[in-house]
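Peer 1: Sharing a structure, written as structure tokens. Questions coming.
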Amino acid sequence: MAMMAIRNSASRRTMMSSPISGLRYMSTWWKNVEPAPKDPILGVTEAFLADSSPDKVNVGVGAYRDDNGKPVVLDCVREAERRIAGTSFMEYLPMGGSVKMVEETLKLAYGDNSEFIKDKRIAAVQSLSGTGACRVFADFQKRFCPGSQIYIPVPTWSNHHNIWRDAQVPQKTYHYYHPETKGLDFKGLMDDVKNAPEGSFFLLHACAHNPTGVDPTEEQWREISQLFKAKNHFAFFDMAYQGFASGDPARDAKSIRIFLEDGHHIGISQSYAKNMGLYGQRVGCLSVLCGDEKQAVTVKSQLQQLARPMYSNPPLHGAQIVSTILGDPELKSLWLKEVKIMADRIIGMRTTLRESLEKLGSPLSWEHVTKQIGMFCYSGLTPQQVDRLTSEYHIYMTRNGRISMAGVTTGNVGYLANAIHEVTKSS
């Protein structure tokens, strides 16, 4: 028996010391891992790139293109990069990020002469674009309001659900889009806000709602704000398109300003991906309006504490670009001109697409194309019609019918309109 035990022990040692058997043993660590589902947006781009057709069109990507379908680097960004080139500072930013960038960013959201900025009532940190701001806030909500849930509009940017799910915050939804009118379901929205438990958290799109492009009117925003106040709800604004929607950053922040005027304490996620074209720089800001300066200091310390194990501190380069542009009157003026040019081109493409469909004799109403605002048009196309656009015309978009108007150009708008007409005319 002793000899058998020795042989068995030696056999185990031999097996564990063998490279092949060791790999076989270690492979069991991840045997239960299943492939992750493909991202519905990034998957569209992958399919587009794999298509060899010369006629292919990508209106799925959420990134601005010029009228030749090419990516754009703004002149204000090029000049800012020229100014900061060769900088001798490459060290870590503080956990809260660039103080200068955060200061300038808060002015865009709260106003240049905001009393809340002057009174130091805003807890704010630089974030990894809008996604990072949402995620840090979701974790903040979970840690300090552990019994709370978040109300998210139907539909919304798909990553919103992932963010609050992974932060382990329970989710509810509220009515937003009306499929028949292709506009806002204002009654359904107000009913859901009214029926939510008092003191609920709501995610609101500040402007250029993604994916629908449908925003409340100013008067509707005022009604929403008043009902939030009556119910003591907390509004968290995701503002990914300030300036990019209408061409006017102040106008695009109107929803936030209304809530501030009404005395709400709110949270805001801001991003420079779209309005400065800094997609890959991942630069944004998370802010929370507090009751006083002391509370703001405390809240900021906790936001930084949450960021520390996630990414330690945010990246430097994008923050330098933003602070250089917004901190220089000449460069800021150039940025305002350039962001309006981008917004106006998209608005113009909306008009052209609608007119092209109407000239083709479409039996459907395309009024919603020009009523909606921002980068995306919620076309009303069914998943089956989208599949036909892809298989027959090599046109790529998400299956919910969301068209990225940034990908529509004078060169492809006629082709796009004709294809849409062909797959919808029997409707």
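Peer 1: Can you tell me what share of the DSSP beta bridges in the range 161-297 is antiparallel? A percent to the nearest 5 is fine.
Peer 2: Working: 7 of 16 bridges.
Around 45 percent antiparallel, to the nearest 5.
Peer 1: From the Cα gyration tensor of the range 117-254, with a ≥ b ≥ c the square roots of its eigenvalues, which class applies: rounded if a/c is under 1.5, or else prolate if a/b is larger than b/c, or else oblate?
Peer 2: rounded
Peer 1: For the range 194-308, what is the Kirkwood hydrodynamic radius in Å, using each pair of distinct C-alpha atoms? Could you put the intermediate results ahead of the total?
Peer 2: On the way: mean 1/r = 0.0657 Å⁻¹.
Kirkwood radius, the range 194-308: 15.2 Å.
Peer 1: Accessible area per residue, 1.4 Å probe, Å², for the range 110-178: what's the number? Before the final figure, lay out each step's value.
Peer 2: Working: 2990 Å² over 69 residues.
Roughly 43 Å² per residue, with all protein chains present.
Peer 1: So what's the net charge close to residue 199: Lys and Arg +1, Asp and Glu -1, counting the other residues with Cβ under 14 Å from its Cβ? It would help to have the intermediate numbers written out before the result.
Peer 2: Details: positive: 172, 194, 229, 231; negative: 198.
Computed value for this residue: +3.
Peer 1: Can you tell me the equivalent ellipsoid semi-axes for the chain? Use √(5λ) from the Cα gyration tensor, largest first, whole Å. The partial results should precede the final answer.
Peer 2: Numbers: eigenvalues 288, 209, 124 Å².
Semi-axes, largest first: 38, 32, 25 Å.
Peer 1: Can you work out the base-10 log of I(q)/I(0) for the range 267-370 at q = 0.15 1/Å, using the Debye formula on its C-alpha atoms alone?
Peer 2: Normalising to I(0) and taking log10 leaves -0.84.
Peer 1: If you count only protein heavy atoms and use a 1.4 Å probe, how large is the accessible surface of residue 393, to the nearest 10 Å²?
Peer 2: Counting only protein heavy atoms, residue 393 exposes about 40 Å² to solvent.
Peer 1: Quote the FRET efficiency, to the nearest 0.05, computed for residue 391 versus residue 42 with a Förster distance R0 of 22 Å and r equal to the Cβ-Cβ distance.
Peer 2: On the way: r = 20 Å, r/R0 = 0.91.
Once rounded, the FRET efficiency stands at 0.65.
Peer 1: Related question: Using a Gaussian network for the chain with springs between C-alpha atoms less than 10 Å apart, which of these wobbles most: 319, 196, 85?
Peer 2: Result for the chain, Cα springs under 10 Å: 85 fluctuates most.
Peer 1: Based on DSSP, what percent of beta bridges with both residues in the chain are antiparallel, to the nearest 5?
Peer 2: Working: 17 of 35 bridges.
Of the beta bridges lying entirely in the chain, close to 50 percent run antiparallel.
Peer 1: Assuming 0.36 nm per residue, please report the length gained on full extension of the stretch residue 220 to residue 168 beyond their Cα-Cα distance.
Peer 2: Working: separation 52, 0.36 × 52 = 18.72 nm, distance 3.15 nm.
So the chain would gain 15.6 nm between residue 220 and residue 168.
Peer 1: OK, next. Roughly what would the spin-label model give for residue 302 and residue 107, points 7 Å off Cα along C-beta, in nm?
Peer 2: 3.0
Peer 1: What accessible area, in Å² to the nearest ten, does a 1.4 Å probe give for residue 145?
Peer 2: Approximately 50 Å² of residue 145 is accessible to the 1.4 Å probe.
Peer 1: Write down, largest first, the equivalent ellipsoid semi-axes of the range 139-188 in whole Å, where each equals the square root of 5 times an eigenvalue of the alpha-carbon gyration tensor. Could you put the intermediate results ahead of the total?
Peer 2: Numbers: eigenvalues 136, 26, 7 Å².
Taking √(5λ) for each eigenvalue gives 26, 11, 6 Å, largest first.
Peer 1: Need one word for the range 361-427: rounded, prolate or oblate. Basis is the Cα gyration tensor (sqrt eigenvalues a ≥ b ≥ c); a/c below 1.5 gives rounded, then a/b vs b/c decides.
Peer 2: Numbers: a/c = 1.29, a/b = 1.15, b/c = 1.13.
Rounded shape, in that the Cα axes give a/c under 1.5.
Peer 1: Moving to a separate point now. Express the accessible area of the range 227-305 per residue in Å², computed with a 1.4 Å probe while the remaining protein chains stay in the model. Mind showing how you got there, number by number?
Peer 2: Values: 2650 Å² over 79 residues.
Using a 1.4 Å probe on heavy atoms only, each residue of the range 227-305 averages 34 Å².
Peer 1: Where the centroid of each part is defined by its Cα atoms, how far is the range 214-288 from the range 406-427 in Å?
Peer 2: Each part reduced to its Cα centre gives a spacing of 32 Å.
Peer 1: With the other protein chains left in place, how much accessible area per residue, in square angstrom, belongs to the range 360-410 at a 1.4 angstrom probe? Don't skip to the end; give the middle numbers.
Peer 2: Working: 1910 Å² over 51 residues.
For the range 360-410, the solvent-accessible area averages 37 Å² per residue.
Peer 1: As an exercise, find the ratio Rg/Rh for the range 39-171 from alpha-carbon atoms, using the Kirkwood inverse-distance average for Rh. List each step's numbers first, then the result.
Peer 2: Numbers: Rg = 19.8 Å, Rh = 19.0 Å.
With Rh from the inverse mean 1/r over Cα pairs, Rg/Rh is 1.04.
Peer 1: Another question, if that's okay. Just check the range 312-427 against the gyration tensor rule for me: Cα atoms, a ≥ b ≥ c as the square roots of the eigenvalues, rounded for a/c under 1.5, and otherwise prolate or oblate depending on whether a/b exceeds b/c. Numbers along the way, then the final one.
Peer 2: Details: a/c = 3.26, a/b = 2.06, b/c = 1.58.
Prolate, because a/c is 1.5 or more and a/b exceeds b/c.
The values are calculated or read from the model by the stated rules, or taken from the named source; none is laboratory data. Given the structure is predicted, the values throughout are model-derived calculations rather than measurements. Here Cβ is always computed from backbone atoms with ideal geometry, including for glycine, and neighbour counts include all displayed protein chains. Heavy atoms of the whole protein, side chains included, go into the accessibility calculation; ligands, DNA and RNA do not. Shrake-Rupley method; radii C 1.70, N 1.55, O 1.52, S 1.80 Å.
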